[in-house]
Protein chains: 2
Amino acid sequence: MMFSSPAGTQSALSMRLSHYLPLTAAEADALEEMQGERRRLIAGEVLVEAGGPIDALFVVQQGWFHSSTRPVIGGRQILRFHYPGDLIGTSSIAWSRASASLTAVSDGIVTEVPKAKLGRLLAEHGRLAGLLYAVAAAENVALSDRLTSIGRMNAIQRLATLLLDILARLRVTAGGVVDSFDLPLTQTDLGDALGLTKVHVNRTMREMEMRGMISRSGRRIRVLDEAGLVAFTGFVDRHAEIATDWLPACA
Amino acid sequence: MMFSSPAGTQSALSMRLSHYLPLTAAEADALEEMQGERRRLIAGEVLVEAGGPIDALFVVQQGWFHSSTRPVIGGRQILRFHYPGDLIGTSSIAWSRASASLTAVSDGIVTEVPKAKLGRLLAEHGRLAGLLYAVAAAENVALSDRLTSIGRMNAIQRLATLLLDILARLRVTAGGVVDSFDLPLTQTDLGDALGLTKVHVNRTMREMEMRGMISRSGRRIRVLDEAGLVAFTGFVDRHAEIATDWLPACA
DNA sequence: CGTCCATTTGACCAAGCTCAACCGCCGTGG
DNA sequence: CCACGGCGGTTGAGCTTGGTCAAATGGACG
């Protein structure tokens, strides 16, 4: 059996999953078949509005996205950043209204996955069900890490943790050793992700620069002393891989 | 269609899942078969240590548990509370080391679920795979809510949100209308869950009492103005139910 | 060239933390 | 049966981190 779609249009989801576990042709086909049209978004565009009705998920094909909520008091909390290959909007699985907004951070492309099609995929492809369950579990841990960061760390550690996390995630797709990247986020975004104000994010970045932890030029951030930052924050890279040994063999 | 196991020994997991969706006998059987011996824990006992090796999950049968991490700086972050019917230790699915500690808050009972058995269950019971995936998605949203609470709310709102959440969760199993409960948590625990110190938790509780939001006697907490607190915090009850309409029909 | 938005900086403020002491309850051992 | 010790809760005084408000700078783009 062969992939039904040419390599150029293969979805980022199957690429990501096959990074964890070689997929059979049938599995890859099913993943492709599940996804609808590509939809293009420009930076800042809102894909899903929190509280609004929703009956589909999305796969990020290109670009960065984030999910966020708006607490009653005002302000915003950014919950997670999403990268190519991520399955997003999963709250629509459990409810018919979105629990968070999905916004494009940079220009991006997504494909839509109707809930029912995901249900069928999970039912018909046992190994994929396990793999997707593992990915959901990993997402849980990512949120837990963020929670620990915001709940118990000071501003510098929070920012350092986030930068290390972005770095780790970029390495998954970049392959080689990366120690710098273009950050498509404003300082307001960073603050909303870290539970800080943009003013304090600014001061914190400058202090990190002052202390020789990072250097900046424009949007580009370079992490100068990664080992030091890891020790300083207790950062654990969760992106490198996930266990698949417990999955049953191919059906 | 009948359940194969007598009600007395039926696991809390199948009871919880069948609350969302009536299970077939085969599904209920598979859930029971997956679980090992019951294990009894006393309040404060640690079931799983963060960082330690782990190759199984657990189902809470009785009592409250929590998962927590220890940031480098010291202190502790309680990530979630777990109640009967919850599948816990799910980080073991994605990695072979625990990302958080699991501790019994009150005396409790758990059953063990080997990873491989969960893998088989997901592969062989498509509808359960979908349902468990939905539960994992719901857990994600619960963590997101907590993140928003800690990231963007003040002490009173954080505490109020937690109390409302406990109330909502207790109602799932209690059935009737509950407006008070015995809190098995110390103020230190509350602080670790909310990203506050125990001292400030104390002051915050007393202020809530002063303002007529709650009343306390010993461990018992009564929520006096639930509607007011809901409006004040923007609390959304995620426990009431989850959508199952998208699941395929019985195999 | 002007407008908009992100960044930067300063002065001041306050929510929550730290440190420290004290109280009250309960279980335990003499 | 009572003294002791420990833990959880309560309270006070002073401090720190990060927030608020406000204004200036600077780059990108029409």
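The values are calculated or read from the model by the stated rules, or taken from the named source; none is laboratory data. Everything numeric in this text was worked out from a predicted model, so none of it was measured. Ideal geometry is used to build each Cβ from the backbone, glycine not excepted, and the neighbour counts take in all protein chains shown. Surface accessibility is based on the protein's heavy atoms, side chains included, excluding ligands, DNA and RNA. Shrake-Rupley method; radii C 1.70, N 1.55, O 1.52, S 1.80 Å.
Working carefully through the options B:Leu164, B:Leu229, find the one that is assigned to a helix (DSSP H, G or I), within 14 Å of another protein chain (Cβ to nearest Cβ), crowded, with 16+ Cβ neighbours inside 10 Å and over 19 Å from the mean Cα position of the chain (by Cα).
Selected residue: B:Leu229, the only one of B:Leu164, B:Leu229 that is assigned to a helix (DSSP H, G or I), within 14 Å of another protein chain (Cβ to nearest Cβ), crowded, with 16+ Cβ neighbours inside 10 Å and over 19 Å from the mean Cα position of the chain (by Cα).
Search segment A:195-206 for residues being farther than 22 Å from B:Gly195 by Cβ and surrounded by 12 or more Cβ atoms within 10 Å (Cβ to Cβ), and hand back the single one that is farthest from DNA strand D (Cβ to nearest atom).
Result: A:Met205.
Could you pull out every one of the strands (runs of 3 or more DSSP E) wholly within segment B:37-127 that has 1 or more residues that are touching a helix residue (DSSP H, G or I) at 6+ places or on another chain (Cβ under 7 Å) and of a type in the set (Ser, Thr, Tyr)?
B:65-69
Considering only segment A:236-251, state which residues are facing chain B (nearest Cβ under 9 Å) and either open to solvent by 70 Å² or more (accessible area, probe 1.4 Å) or farther than 15 Å from A:Leu21 by Cβ (or both).
If the condition is that a residue be facing chain B (nearest Cβ under 9 Å) and either open to solvent by 70 Å² or more (accessible area, probe 1.4 Å) or farther than 15 Å from A:Leu21 by Cβ (or both), then A:Val236, A:Arg238, A:Glu241, A:Asp245, A:Ala251 are the ones that fit.
It is to be established whether one or more residues within segment B:205-214 are under 24 Å from the mean Cα position of the chain (by Cα) and more than 14 Å from every other protein chain (Cβ to nearest Cβ).
The answer is yes, given that some residue of segment B:205-214 is under 24 Å from the mean Cα position of the chain (by Cα) and more than 14 Å from every other protein chain (Cβ to nearest Cβ).
Among the residues of segment B:128-155, what is the count of those that are more than 7 Å from chain A (Cβ to nearest Cβ), of a type in the set (S, T, N, Q) and in a helix (DSSP H, G or I)?
The qualifying residues number 1.
Restrict the check to segment B:104-118 and report whether at least one residue is more than 9 Å from every other protein chain (Cβ to nearest Cβ), within 16 Å of DNA strand D (Cβ to nearest atom), open to solvent by less than 10 Å² (accessible area, probe 1.4 Å) and farther than 25 Å from A:Glu241 by Cα.
Yes: one or more hits.
Look at segment A:140-156 and say how many of its residues are in contact (Cβ under 8 Å) with a residue 24 or more places away in the chain and out of contact with any Leu (no Cβ under 8 Å at 6 or more places or on another chain).
Of the residues in that region, 5 qualify.
Which residue, of A:Thr173, A:Thr244, is polar (S, T, N, Q), part of a loop (DSSP other than H, G, I, E, B), under 22 Å from the mean Cα position of the chain (by Cα) and at pLDDT below 95?
The match here is A:Thr244.
Take the residues in segment A:157-191 that are closer than 24 Å to B:Gly75 by Cα and touching a residue at least 60 places away in the same chain (Cβ under 8 Å), then tell me which one is nearest to DNA strand D (Cβ to nearest atom).
Of everything passing the filter in segment A:157-191, A:Gln157 is nearest to DNA strand D (Cβ to nearest atom).
Looking at A:Arg120, A:Arg158, A:Arg97, A:Arg146, can you tell me which residue is more than 16 Å from DNA strand C (Cβ to nearest atom) and more than 30 Å from B:Pro248 (Cβ to Cβ)?
One residue alone meets the criteria, A:Arg146.
Hey, among B:Val48, B:Val72, which residue is open to solvent by 10 Å² or more (accessible area, probe 1.4 Å) and within 16 Å of DNA strand D (Cβ to nearest atom)?
Just one listed residue meets the conditions, B:Val72.
In segment A:210-220, what count of residues is obtained for those that are open to solvent by less than 60 Å² (accessible area, probe 1.4 Å) and either within 16 Å of DNA strand D (Cβ to nearest atom) or small (Gly, Ala, Ser) (or both)?
Residues that pass the stated criteria total 3.
State the number of residues belonging to segment B:187-216 that are in a loop (DSSP other than H, G, I, E, B) and within 11 Å of DNA strand C (Cβ to nearest atom).
Total satisfying the criteria: 3.
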